[in-house]
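**Q** I'd like to ask you about the structure that follows.
The values are calculated or read from the model by the stated rules, or taken from the named source; none is laboratory data. Quick caveat, the model's predicted, so the values are computed rather than measured. We place every Cβ from the backbone using ideal geometry, glycine too, and count neighbours over all the protein chains shown.
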Amino acid sequence: MNTLGKTITCRAAIAWAKNSPLSIEEVQVEPPKSGEVRIKMISSGICGSDDHVLKGELVVNFPLIPGHEGAGIVESVGDGVCSMKPGDKVLILIIPQCRECDACLHPKGNFCYKQDVLPCSGVMLDGTSRFSCRGQKIYHSFRTSSFTEYTVVPEIAAVKIDDAAPMDKVCLISCGFPTGYGAAVNSAKVTPGSTCVVFGLGGVGSAIVMGCKASGASRIIGVDINEEKFPRARALGVTDCLNPNKLEKPVQEVVMEMTGVGVDFAFEAIGLVDTMVAAWNSCNNSYGVCLIAGLAPSDAQLSLEAPKILSGKTLKGVCLGDYKTRDCIPQIVTDYLQNKINIDPLVTYQLPFNQLHEALELFHSGKAIRCVLLF
Ligand code: PAD
Ligand code: ZN
């Protein structure tokens, strides 16, 4: 059936309100407008950021179609789109790259001004939505909704990848993998022989562990309250596992005792203020580097002992591994195809889209590092 220029009716998951169970509904997906692309989704991961959206920890507009960690095939393109064409394999990007704003033009910046995470408007760049259900407007999630058979995203929030990419897995290279791996290898630049601590051993934290290991870290301490995460974390390179709920002292004190001087590199991949503070306080006072990848609730404030800033350690936030997304993500896919990196250990489950609730259960129980939905 030729769908070009026509509204497509397909299945999508809708969150009608915060904390309400997702329901799979028939939705209408309008054709892409100028500068947009419509994509047939092939796979989508379930990321911690989606969970923050569904729980209302991030301020967003409902109803919305969640998901952002997606891989698909371009169905059609709007006027002026020249970086991809129908039939191309693409990843969608929660952090776009417009190549025009201050962040994109800066050699280090990657938090493109056209992102829709902080804050989340839920609409396309022209202020309107491409989704509706029974006549009601449905909002987008980060301009990248992926829990749907078809989505529309701005051209700058998608990137063409190698034709040989296995589409049932590479969705993780759209967000979780580069976020974590890049935090270690690109942002922190973890050094050989260093000591690291990773708070949160989910999808992002596991990719951080992989990056620390690949960088030659000699000790990687993994922290999680769900001990189901520990066997897989050890297989990825974690040398010591800590469950803060089973410790007699605050976890940062235990990390200090274990290392004597504090770690060289601490990473937070949970999104909680307390674990951000614990990561900061686990670092060596003089040269430690603390990287925050977790996304805290919209109204959260971070409070640190101000005098201790003076001693020299570094606090840095990191989004999408500090990669300029359209420039760097395709190369990560190619590196995967050339066996330079391996995302396979992160893909612990793959389920068809109609088993979305089972997939969410695997996510919430912590049984999955990443559970991938297949469309
Ligand atoms: P995830 O749910 O797969 O992993 C979170 C892990 O944290 C789980 O293993 C939990 O058991 C563990 N955890 C929860 N609470 C605690 C606690 N109090 N102490 C210790 N461990 C705990 O999520 P994820 O890995 O997909 O995402 C992690 C965070 O990273 C989340 O805040 C998400 O929004 C953020 C994120 N940031 C970026 C970015 O670019 N900075 C990209 C993608 C995700
Ligand atoms: Zn994500």
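**Q** Out of (1) within 16 Å of ligand 2 (Cβ to nearest atom); (2) buried (at least 21 other Cβ atoms within 10 Å of the Cβ), the odd one out for Ile156 is which?
**A** Going through the list (1) within 16 Å of ligand 2 (Cβ to nearest atom); (2) buried (at least 21 other Cβ atoms within 10 Å of the Cβ), Ile156 breaks only (1).
**Q** From the list Val59, Val29, which residue is surrounded by 21 or more Cβ atoms within 10 Å (Cβ to Cβ), over 17 Å from the mean Cα position of the chain (by Cα) and either more than 16 Å from ligand 2 (Cβ to nearest atom) or under 21 Å from Ile8 (Cα atoms) (or both)? Show your work before the answer.
**A** Numbers: Val59 fails: surrounded by 21 or more Cβ atoms within 10 Å (Cβ to Cβ).
The unique qualifying residue is Val29.
**Q** Looking at segment 302-327, which of its residues are more than 21 Å from Lys213 (Cα to Cα) and hydrophobic (A, V, I, L, M, F, W, C)?
**A** Leu302, Leu304, Ala306, Ile309, Leu310, Leu315
**Q** Name the one entry in Ser44, Ser34 that is within 16 Å of ligand 2 (Cβ to nearest atom) and hydroxyl-bearing (Ser, Thr, Tyr).
**A** Ser44
**Q** Mind checking which residues of segment 62-85 are in contact with a Cys (Cβ under 7 Å, 6 or more places away or on another chain) and in a loop (DSSP other than H, G, I, E, B)?
**A** Scanning segment 62-85 gives His68, Glu69.
**Q** With respect to Cys196, is the statement that it is in contact with a Cys (Cβ under 7 Å, 6 or more places away or on another chain), buried (at least 24 other Cβ atoms within 10 Å of the Cβ) and under 25 Å from Glu69 (Cβ atoms) true?
**A** yes
**Q** Would you mind telling me which numbered condition in (1) under 30 Å from Ala71 (Cα atoms); (2) touching a residue at least 60 places away in the same chain (Cβ under 8 Å) Gln331 fails?
**A** It fails just one condition, (2).
**Q** Could you tell me whether segment 84-98 includes any residue that is buried (at least 24 other Cβ atoms within 10 Å of the Cβ) and of a type outside the set (A, V, I, L, M)?
**A** Checked segment 84-98: at least one residue is buried (at least 24 other Cβ atoms within 10 Å of the Cβ) and of a type outside the set (A, V, I, L, M).
**Q** Could you check segment 245-282 and list, in sequence order, the residues that are assigned to a helix (DSSP H, G or I), crowded, with 22+ Cβ neighbours inside 10 Å and of a type in the set (A, V, I, L, M)?
**A** Listed by number, the residues that qualify are Val251, Val255, Met276, Ala278, Ala279.
**Q** Within segment 302-320, is even one residue under 19 Å from the mean Cα position of the chain (by Cα) and of a type in the set (Ser, Thr, Tyr)?
**A** Looking for residues that are under 19 Å from the mean Cα position of the chain (by Cα) and of a type in the set (Ser, Thr, Tyr), one finds none in segment 302-320, hence no.
**Q** Answer yes or no: is there a residue in segment 343-364 that is of a type in the set (Ser, Thr, Tyr), surrounded by fewer than 16 Cβ atoms within 10 Å (Cβ to Cβ) and at pLDDT 95 or above.
**A** No, segment 343-364 contains no residue that is of a type in the set (Ser, Thr, Tyr), surrounded by fewer than 16 Cβ atoms within 10 Å (Cβ to Cβ) and at pLDDT 95 or above.
**Q** Which residue is farthest from ligand 2 (Cβ to nearest atom), if the candidates are limited to segment 215-243 and must be polar (S, T, N, Q) and either out of contact with any strand residue (DSSP E or B) (no Cβ under 6 Å at 6 or more places or on another chain) or in a helix (DSSP H, G or I) (or both)? Full working, then the answer.
**A** Let us first name the residues in segment 215-243 that are polar (S, T, N, Q), namely 215, 218, 226, 239, 243.
Now restrict to residues that are either out of contact with any strand residue (DSSP E or B) (no Cβ under 6 Å at 6 or more places or on another chain) or in a helix (DSSP H, G or I) (or both): 215, 218, 226, 243.
Working: Ser215: 22, Ser218: 29, Asn226: 19, Asn243: 25 Å.
Of everything passing the filter in segment 215-243, Ser218 is farthest from ligand 2 (Cβ to nearest atom).
**Q** If you don't mind, another one. Where the second residue is within 16 Å of ligand 2 (Cβ to nearest atom) and the first is among the hydroxyl-bearing types (Ser, Thr, Tyr) and lies in segment 264-288, which pairs have Cβ atoms under 8 Å and are six or more apart or on separate chains?
**A** Filtered contacts from segment 264-288: Thr275/Gly200; Thr275/Glu268; Thr275/Gly294.
**Q** Of all residues in segment 36-53, which are more than 16 Å from ligand 1 (Cβ to nearest atom), surrounded by fewer than 24 Cβ atoms within 10 Å (Cβ to Cβ) and within 18 Å of the chain's Cα centre (by Cα)?
**A** Passing the criteria: only Ile42.
**Q** Being polar (S, T, N, Q) and within 14 Å of ligand 2 (Cβ to nearest atom), is that true of even one residue in segment 192-213? Full working, then the answer.
**A** Within segment 192-213, the subset polar (S, T, N, Q) is 194-195, 206.
Now narrow it down to the ones that are within 14 Å of ligand 2 (Cβ to nearest atom): 206.
There is at least one residue in segment 192-213 that is polar (S, T, N, Q) and within 14 Å of ligand 2 (Cβ to nearest atom).
**Q** Under 8 Å between Cβ atoms, which residue pairs at least 6 apart in sequence (or on different chains) link something in segment 165-176 that is in contact (Cβ under 8 Å) with a residue 12 or more places away in the chain and more than 16 Å from ligand 2 (Cβ to nearest atom) with a partner that is in a helix (DSSP H, G or I) and not basic (Lys, Arg)?
**A** Close Cβ pairs satisfying both conditions: Ala165/Val333; Ala165/Tyr336; Ala165/Leu337.
**Q** β-branched (Val, Ile, Thr) and part of a loop (DSSP other than H, G, I, E, B): is that true of Ile309 in this structure?
**A** Here the answer is no, as Ile309 does not meet what is asked.
**Q** Can you tell me which residues in segment 1-58 are of a type in the set (A, V, I, L, M, F, W, C), assigned to a strand (DSSP E or B) and under 18 Å from Asp88 (Cα atoms)?
**A** Correct list: Val37, Ile39, Met41, Ile42.
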